[in-house]
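Where a number appears in this text, it was derived from the coordinates with a stated rule and is not lab data. Since we're looking at a predicted model, the values are computed, not measured. Cβ placement follows ideal geometry from the backbone for every residue including glycine, while neighbour counts extend to all protein chains displayed.
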């Protein structure tokens, strides 16, 4: 069966994209910090420009506003986080001394490995972010938690096992717990959840580094941080992604 010109073009683009992925990935993953930086200097700086077929299969550096098309959704707990990627961990409340009561001095949070990793959908400028790109975004910041959404899902923001009623707890790290925990009522075995998200927020200017495959940007193995805050020039972006 013969292919039309349009079909041949699509096949050609696919081969080019796959070749680019295979060629680029080992080039970076096998390099040290300075080696990665030198390799990334071959990247095409697109800046705020758009799609150019000549860049398919190549590493590109793109600047633009982060547009959140679909927020990350924790389907296990029914919680939506306004970020393209979110990671969840959990801690369980336990007694230090089993024969003692549920007092502040006798309670502690222990890791419970309630792990979850969730992605949404997002664009930067004219480009879609591939799933592999989203899954490799650095997450180390607290999210902006929507208290109303949490309440509707049966949860609340909690600061420590006593709740968030004390003045000194208001600036403590926010966790997610049950509505009962949000009222300051705790029981042994309660679990609080900790979410982390990328630094850049939806609507902010960012700089991304990845492999262009038509209108999608895929992950480049070996880049420590593939999305950086602000509209950066090429040298600054390369330095920041190789020196976290």
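Miscellaneous remarks
- Inter-label distance, residue 44 to residue 92: 5.2 nm, where each label sits 7 Å from its Cα along the C-beta direction.
- Residues 159, 173, sorted so that the one with the fewest Cβ neighbours within 10 Å comes first: 173, 159
- Computed over segment 35-112: relative contact order in percent, which uses C-alpha pairs under 8 Å that are six or more apart: 18 percent
- Note on residue 67 and residue 153: the extension gain reaches 28.4 nm, defined as 0.36 nm multiplied by sequence separation minus the Cα-Cα distance.
- Taking label positions 7 Å along the Cα-Cβ direction at both residue 131 and residue 52, the computed distance is 3.1 nm, reported to one decimal.
- Over segment 178-244, relative contact order from alpha-carbon pairs under 8 Å, at least 6 apart, %: 26 percent
- Residue exposure proxy: 183, 88, 192, 140, ordered by other Cβ atoms within 10 angstrom of their Cβ from fewest to most, comes out as 140, 183, 88, 192.
- Per-residue Cβ neighbour rank within 10 angstrom, fewest leading, 133, 127, 113: 113, 127, 133
- Extension gain, residue 231 to residue 140, is 30.7 nm, computed as 0.36 nm per intervening residue step minus the present C-alpha separation.
- Using C-alpha pairs under 8 Å with a sequence gap of at least 6, the mean separation divided by the residue count of segment 72-137 gives a relative contact order of 35 percent.
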